[in-house]
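The values are calculated or read from the model by the stated rules, or taken from the named source; none is laboratory data. These numbers were taken from a predicted model, which means no experiment stands behind them. For neighbour counting, all protein chains shown are included, and Cβ atoms are generated from backbone atoms with ideal geometry for every residue, glycine included. Accessible surface is based on the protein model in full, side chains and every heavy atom, while ligands, DNA and RNA are left aside. Shrake-Rupley method; radii C 1.70, N 1.55, O 1.52, S 1.80 Å.
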Amino acid sequence: MISKKLEDAINYQINRELYSEYYYLSMASYLNSIGLSGFENFFLVQVEEERFHAMKMYNFLNEKGGRVTLQTIEAPKTEFKSPVEIFELAYEHEKLVSGLINGLMDLAIKENDHAAKNHLNWFVEEQVEEEASMETILNKLKLIGGEGQGLLMIDNELAQRIFTPPAK
Ligand code: FEO
């Protein structure tokens with residue numbers, strides 16, 4: 001059993017996770033177009049992370065006897081100025097997602113839904129990592145002035161990222 005309010009809110013969150021996937025795929029495509037394949041790889045892995053988040057919400061809602069209903073995903077931004085701008089946007093986006101997860105947790109507490117609280121705890125922790133990962137790279141990019149040899153070094157570093165499904 002799950003309340004209608006929580007069901008609606010989780011459906012909205014599934015939509016936001018899928019939008020995040022779409023948004024980061026758009027960033028990956030831009031980074032490919034300017035030849036930064038390591039940066040592109042970072043966002044392609046992030047795309048997989050976001051799909052994992054969406055599916056974790058999907059599975060939870062189904063297990064709780066709710067109904068997943070998919071909604072429109074709006075077109076993401078497609079033009080960017082630089083890797084610095086991309087990481088500024090990605091960091092802002094993760095902060096926004098953290099706010100949504102906190103709102104969901106507030107609702108689960110209000111509804112006294114312990115299973116939902118337990119499920120959302122995972123996301124609360126995950127968002128700490130999500131924000132930190134974007135902020136760390138943004139700070140490195142700012143340190144090197146966003147260009148030159150330093151940019152290529154970061155590109156090489158980001159080429160190493162691989163998707164490891166988070167522990168359930
Ligand atoms: Fe699904 Fe990047 O938070």
Open item on the list: Can you compute the equivalent ellipsoid semi-axes for the stretch 61-151, i.e. the square root of 5 times each eigenvalue of the Cα gyration tensor, sorted largest first and rounded to whole Å?
Closed with: 34, 17, 9
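Please give the direction-averaged projected area of the C-alpha convex hull for the stretch 1-51, in square nanometres with one decimal. It would help to have the intermediate numbers written out before the result.
Working: hull surface 13.7 nm².
Projected area, direction-averaged: 3.4 nm².
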Task: Paramagnetic reach from residue 73 in the stretch 85-105 [backbone N under 19 Å; point 7 Å along Cα→Cβ] - done: 90-91, 93-98, 100-101
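Length gain on complete extension for the stretch residue 128 to residue 1, per 0.36 nm per residue less the alpha carbon to alpha carbon distance? Walk me through the numbers on the way to the answer.
Numbers: separation 127, 0.36 × 127 = 45.72 nm, distance 2.90 nm.
Gain on extension, residue 128 to residue 1, equals 42.8 nm.
Suppose every Lys and Arg Cβ carries +1 and every Asp and Glu Cβ carries -1, with no other charges. What dipole size does the chain come out with about its Cα centre, to the nearest 20 debye?
Values: 16 positive and 27 negative charges, 88 e Å.
The calculated dipole for the chain is roughly 420 debye.
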- [ ] Working with all protein chains in place, sort 10, 144, 2, 162 by solvent-accessible area computed with a 1.4 Å probe, largest first.
- [x] 162, 144, 2, 10
TODO: Provide the FRET efficiency to the nearest 0.05 for the residue 162-residue 82 pair, computing r from the beta carbons and using R0 = 25 Å.
DONE: 0.50
Task: 110, 140, 64, ranked by accessible area, largest first (probe 1.4 Å) - done: 110, 140, 64
Open item on the list: Please report the accessible area of residue 158 (heavy atoms, 1.4 Å probe, ligands and nucleic acids excluded) in Å², nearest 10.
Closed with: 10 Å²
Task: FRET efficiency for residue 45 and residue 139, using Cβ-Cβ distance with R0 set to 25 Å, rounded to 0.05 - done: 0.80
- [ ] Would you mind listing how long the chain runs along its three principal axes, going by Cα atoms, in whole Å with the largest first?
- [x] 55, 27, 24
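Could you work out the local net charge near residue 86, counting Lys and Arg as +1, Asp and Glu as -1, over the other residues with Cβ closer than 12 Å to its Cβ? List each step's numbers first, then the result.
Values: positive: 77, 81; negative: 40, 79, 85, 88, 92.
Counting the neighbours of residue 86, the net charge comes to -3.
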Open item on the list: Probe radius 1.4 Å, ligands and nucleic acids left out: which of 147, 40 has the largest accessible area, and how do the rest follow?
Closed with: 147, 40
